[in-house]
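Okay, structure first, notes after.
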Amino acid sequence: DARAVEPLIHLLRDKDDKMRAAVVRALNKIGDTRAIDPLASVLHDTTWDVRRAAIESLARFKDARTVRPLLECLKDKDRDVRLAAVETLGKIGDASAIEALVTALTDESNLIRDAAAIALKRTDSHWERTPGAKAAILPLEKAQKSTEYWVRTSATGILAKIQPNAESQPVTDLTTFANPAYLKRLAATQALVTALKHLDRDIRQAAAEALGQ
């Protein structure tokens, strides 16, 4: 009943986190657009479950006004919150989220990398040609220096897709960024290409033979 919307919105400030989460889910079921802005304000809630519920509720409305606050959720410390944000942005399909979604392809979680790949395809099937993808080049280059293996290799693979004329080989399937076997092969190839410049001739020769194999 739409008459419940205003009282529920008031309860979004309740001290009990379980109550706030229940209110968010109730507003989601009602689906009244008056709840959009109040739900967006809950994205900064101190409890991760409330934040995630708010994100999932905003997915129902697919309102472009929620894109900016959702982008902030991609930096959330909780994996489930980041995952919900990626999935919701994919459902909204706003091009202004492409840069952040491309960067999300380097997330430490393979679930989020996979979700970001799907979200990008939904937003623009040729996302790698968009200004948003180009704007993500600098963050991707920074990610290549990460101490996390999957972050480094994912960033390199994405850059190869955005910059097909670069030294790294382009890839044709975005879902491979979440594939451990692909990332291991990419890392091995990069190591061998680097070894081609080694001062020791035997190492250069071994690297060349390994690349041929």
Query raised in the report: When all protein chains stay in place, what accessible area (Å², nearest 10, 1.4 Å probe) is found for residue 150?
Result: 80 Å²
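Using a ≥ b ≥ c from the Cα gyration tensor of the stretch 1-96 (square roots of the eigenvalues), is it rounded, prolate or oblate, where a/c under 1.5 gives rounded and otherwise the larger of a/b and b/c decides, a/b for prolate?
Cα axes put the stretch 1-96 in the oblate bin.
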Query - For the stretch 93-108, Karplus couplings with θ = phi - 60° (6.51, -1.76, 1.60), whole Hz, Gly/Pro x - result: x, 8, 5, 5, 8, 4, 4, 5, 5, 4, 5, 5, 5, 9, 4, 5
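So, with a 1.4 angstrom probe, what is the percent of accessible area on the chain that is carbon and sulfur?
Summing carbon and sulfur atoms, their accessible area is 51 percent of the total for the chain.
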Query raised in the report: For the chain, what is the mean residue ellipticity at 222 nm derived from helices alone (per DSSP H run of n ≥ 4: -39500 (n - 2.57); sum divided by total residues; nearest 500 deg cm²/dmol)?
Result: -19000 deg cm²/dmol
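Taking 8 Å as the Cα distance limit and 6 or more residues as the minimum spacing, I'd like the relative contact order of the stretch 1-133 as a percentage. Let's see the in-between values first.
Values: 189 pairs, mean separation 22.8, N = 133.
Averaging sequence separation for qualifying contacts and normalising by length gives 17 percent for the stretch 1-133.
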Report summary line: Karplus ³J(HN,Hα) for the stretch 188-202 (6.51 cos²θ - 1.76 cosθ + 1.60, θ = phi - 60°; Hz, whole; x = Gly/Pro) runs 5, 4, 4, 5, 5, 4, 5, 5, 5, 9, 5, 5, 7, 4, 5
Query - Euclidean distance of C-alpha centroids, the stretch 87-146 and the stretch 32-72, integer Å - result: 20 Å
**Report entry** Cα-based helix-to-principal-axis angle, 110-123 vs the chain, degrees rounded to 10
**Finding:** 80 degrees
Requested in this report: Please work out how much accessible surface residue 202 shows to a 1.4 Å probe, ignoring ligands, DNA and RNA, in Å² rounded to 10.
Outcome: 90 Å²
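By per-residue mean of other Cβ atoms within 10 Å, what is the highest-first order of 102-113, 54-65? Show your work: numbers first, answer last.
Numbers: 102-113: 21.9, 54-65: 20.3.
Result, highest mean Cβ count within 10 Å first: 102-113, 54-65.
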Query raised in the report: Tell me, what is the FRET efficiency for residue 141 and residue 181 to the nearest 0.05, using R0 = 22 angstrom and their Cβ-Cβ distance as r?
Result: 0.35
Query - Under the Karplus curve 6.51 cos²θ - 1.76 cosθ + 1.60, θ = phi - 60°, whole-Hz ³J(HN,Hα) for the stretch 19-34, x wherever Gly or Pro sits - result: 5, 4, 5, 5, 5, 4, 5, 5, 5, 5, 5, 5, x, 7, 5, 5
Query raised in the report: Over the chain, what per residue volume does the convex hull of the Cα atoms give, in whole Å³?
Result: 115 Å³
Requested in this report: Quick one: angle between helix 79-92 and the longest Cα principal axis of the chain, in degrees between 0 and 90, rounded to 10, please.
Outcome: 80 degrees
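The values are calculated or read from the model by the stated rules, or taken from the named source; none is laboratory data. Since this is a predicted model, take the numbers as computed values, not measurements. With ideal geometry, Cβ positions are generated from the backbone for all residues, glycine too; neighbour counts draw on all protein chains shown. Accessible surface areas use protein heavy atoms only, side chains included; no ligands, DNA or RNA. Shrake-Rupley method; radii C 1.70, N 1.55, O 1.52, S 1.80 Å.
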